[in-house]
Amino acid sequence: MDGQTTKHHPILLHGIIDRVFPDVGYGFIKADDGKEVYFERDNLTTGRWEDVTIDRKVRFREAIGNKGPYAMNLALSN
């Protein structure tokens with residue numbers, strides 16, 4: 001190898017919208033592993049904010065912030 005390193009991306013996770021506060025632009029996902037993950041409107045990359053509803057299936061990548069895990073690259077599933 002020529003000494004180059006490969007950038008590793010967080011794995012794609014699945015879950016459902018557990019709670020959403022549409023007027024203030026955030027909510028929480030219950031991941032398939034049972035973990036609660038915070039998300040904001042700006043994290044939604046696929047789908048419309050108006051379609052973010054309780055029990056809606058989602059895909060996302062998890063990151064760790066100052067206050068715990070949060071979802072990035074949030075996509076609504078069909």
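Worth pointing out:
- Segments 21-27, 11-17 sorted - mean Cβ within 10 Å per residue, highest first: 11-17, 21-27
- Where only alpha carbons of the chain are counted, the Rg and the Dmax (Å): 13.8, 51
- Full extension of the chain segment joining Ile16 with Ala63 gains 15.2 nm, where the gain is 0.36 nm per residue of separation less the Cα-Cα distance.
- Cut-off 14 Å, label 7 Å out along Cα→Cβ of Tyr38, residues of the stretch 52-78 by amide N: 63-72
- Bridge type composition, the stretch 12-76 - antiparallel percent by DSSP, nearest 5: 90
- Cut-off of 10 Å, at most 14 other beta carbons, DSSP loop: longest stretch of the chain lacking such trypsin sites (Lys or Arg not before Pro): 8-34
Each reported figure results from applying straightforward, stated rules to the coordinates on display, with no laboratory input. No experiment lies behind these values; they were computed from the predicted model shown. A quick note on method: Cβ atoms are made from the backbone with ideal geometry, for glycine too, and the neighbour counts reach across all protein chains shown.
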